[in-house]
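What follows is a set of notes on a single structure, which appears directly below.
The values are calculated or read from the model by the stated rules, or taken from the named source; none is laboratory data. Predicted, not measured: the structure shown is a model, and the values here were computed from it. Glycine also receives a Cβ, built like all others from the backbone with ideal geometry; neighbour counts cover every protein chain displayed. All accessible areas refer to the heavy atoms of the entire protein, side chains included, with ligands and DNA or RNA removed. Shrake-Rupley method; radii C 1.70, N 1.55, O 1.52, S 1.80 Å.
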Amino acid sequence: MTSTPPALTRRALLTATAGAGTTAALAACSSGGGSVGPNTPLRIAAVNHVWSQAIAERLPEFEELSGRRVSMQLLTADQLGSSYNVKLNASATDIDVMMVRPLQDQLLFARNGWLTDLSDRVADPAFAWDDVQEAVRERSTTRGRVYSVPVVTERPALYYRKDLVDGPPQTLDDLLEQALALTDDETFGFVGRGQRAGAVSQWSSFLFSFGGDFTTDDGASAIGSEEARAAYAYYGRLLHEAGPPGATNMSLEQAMPIFAQGKAAFYVDADAIYTNFLDPSISTVMDTVGFAPFPAGPAGAVPYNVPSWALAVNGFSRLQDDAWAFLEWAAGPERVAEVQSAGIPGARTSVWADPATTAAFPAELAEAMRVNTENGTGHDRPEVIQVGRARDIVGRPLVAGILGEDVGPVAADADAEFADFLVRDNRQQEF
């Protein structure tokens, strides 16, 4: 995921304009269940992210429309996860709206009964659920029920140096060839995440573009397939022969500065981090950085297009109607257009279709995001209860490839381990 901005120093209280459908819902806000009074605040637990900060600035409008005071607590991702584990295991009612990662949290949280089923809510025509991108919308659905509403989307971008190449590579073969040719004593041809579990989400686009996936259609392990082995070998060679030393210890925080400081020709990572390369305080490539869609592999260009963050309603909240009204307001077309116009990618098709909402992005990046959205698939990691453990298993052959080892035997061993893991994990998914 993306890096976390500096912490805000104030607690946000809220407000913002709403469409007709949202206004109607807001009028019914005070009908939330439980013994709560008009002075009970709507409590929002959120990650400290540029989206949360943008919404925090608009909170007073929603407070005025809803007639209820709102408090928002902003935490790091780790702090937020720990808070959920402690509070929701105790059926806490002091959180109403939850900011969650659908691909990391939702399956577990839904199984635990921590999330409210929103299926009937999103079916209201005023919310225009069909306007949410299909690949992203599917990630909000678990066991046929909707448990979250996406608010921030993310795809991979190919960052490249315009002063080193005439144009971005169109295929993965071209990327490898150019990266190898540009590698010398002063410049790495490619930099990317190589840390075992942390690299899996970015490697996923390579996997999909080689025609593979984490699991088969019937839920069995697929990381030992021919396509997966080819993707492991490709990514391993890219970093082993064209990447920096110590790549197996690199996650976002280590890889990104290498490109930002002009020490690499190509870099693949989330499009949401692009501002790092335009920031003169950390970047030397402001005038030379280029943005391109993910290159095509043997199966075409198949990048991930995922909801990195979404909003959900705590299953134990006593302000269910108020909480939904906030989701409807924050994730509605008008608010998404406002926030996306500030450079924060949303999830609504109608908003992406309006050129005015992408004007804040560099034109080349906006086009890359559009192309990746059209080609994208809605996951970037295995969809399981124990996501961290799954990523650790899947990432083992990645490390072998980056170290220059034969990935075949390691992938076969990891495939067997992942198969056993999936059997156990599937047993935990019953609810």
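Computed with a 1.4 Å probe over protein heavy atoms only, the accessible surface of the chain comes to 38 Å² per residue.
What does the charge dipole of segment 222-324 about its Cα centre add up to, to the nearest 20 debye, if the Cβ of each Lys and Arg holds +1 and the Cβ of each Asp and Glu holds -1?
It works out to roughly 240 debye.
Using only the Cα atoms, what convex hull volume per residue in Å³ does the chain have?
Values: hull volume 56.0 nm³, N = 431.
It comes to 130 Å³ per residue, whole-number rounded.
The amide H of VAL151, built 1.01 Å from its N in the peptide plane, has TRP309, ALA310, LEU311 as neighbours under 5 Å, considering only residues 5 or more places off or on other chains.
The angle between the Cα long axis of helix 172-182 and the main principal axis of the chain comes to about 60°, on a 0 to 90 degree scale. If the segment from GLU57 to ARG427 were pulled out straight at 0.36 nm per residue, it would be longer than the present Cα-Cα gap by 128.9 nm.
Shape annotation for segment 116-187: C-alpha extents along the principal axes are 58, 23, 20 Å, from largest to smallest.
Tell me, what % of the accessible area of segment 65-114 is carbon and sulfur with a 1.4 angstrom probe? Don't skip to the answer; put the middle values down first.
Details: 860 of 1940 Å².
Accessible surface attributable to carbon and sulfur in segment 65-114 totals 45 percent.
Each peptide in 277-290, 231-244, 113-126 gets a packing score, the mean of other Cβ atoms within 10 Å over its residues, and the list from highest to lowest is 231-244, 113-126, 277-290.
When the accessible area of segment 244-329 is computed with all protein chains present and a 1.4 Å probe, what percentage of it is carbon and sulfur? Mind showing how you got there, number by number?
Numbers: 1320 of 2450 Å².
Result for segment 244-329: 54 percent of the exposed heavy-atom area is carbon or sulfur.
Stretched out straight at 0.36 nm per residue, the stretch from ALA363 to ALA299 would grow longer than its current Cα-Cα span by 20.3 nm. Relative intensity of segment 261-396 on a log10 scale, I(q)/I(0) at q = 0.12, 0.15, 0.16 Å⁻¹, equals -0.66, -0.97, -1.06, per a Debye sum over C-alpha point scatterers of equal strength in the absence of solvent.
Taking all protein chains as present, what is the carbon and sulfur share of the accessible area of segment 179-236, in % to the nearest whole number, probe 1.4 Å? Walk me through the numbers before you get to the answer.
Values: 880 of 2060 Å².
So the carbon and sulfur contribution to the accessible surface is 43 percent.
Classify segment 196-321: rounded, prolate or oblate, from the alpha-carbon gyration tensor (a ≥ b ≥ c, eigenvalue square roots; a/c under 1.5 rounded; otherwise prolate if a/b is larger than b/c)? Please report the intermediate quantities before stating the final value.
Numbers: a/c = 2.05, a/b = 1.11, b/c = 1.85.
Note, shape of segment 196-321 comes out oblate.
Placing one equal scatterer on every Cα of segment 370-431 and applying the Debye formula, the log10 ratio I(q)/I(0) at q = 0.13 Å⁻¹ is -0.47.
For segment 229-261 and segment 279-343, write down the distance between their C-alpha centroids in whole Å. Computed from Cα coordinates, the inter-centre distance equals 25 Å. For the chain, the longest principal axis of the C-alpha atoms and the axis of helix 320-330 are separated by about 50°. Among rounded, prolate and oblate, which fits segment 280-340 when a ≥ b ≥ c are the square roots of the eigenvalues of its C-alpha gyration tensor, a/c under 1.5 means rounded, and a/b larger than b/c means prolate? The shape class here is prolate. If you wrap the tightest convex hull around every Cα atom of segment 144-253 and split its volume per residue, you get 151 Å³.
Angle of helix 200-209 to the longest C-alpha principal axis of the chain, folded into 0 to 90 degrees and rounded to 10: 70°. Available extension along the chain between ALA416 and GLU334 is 24.7 nm, counting 0.36 nm per residue and deducting the alpha carbon span.
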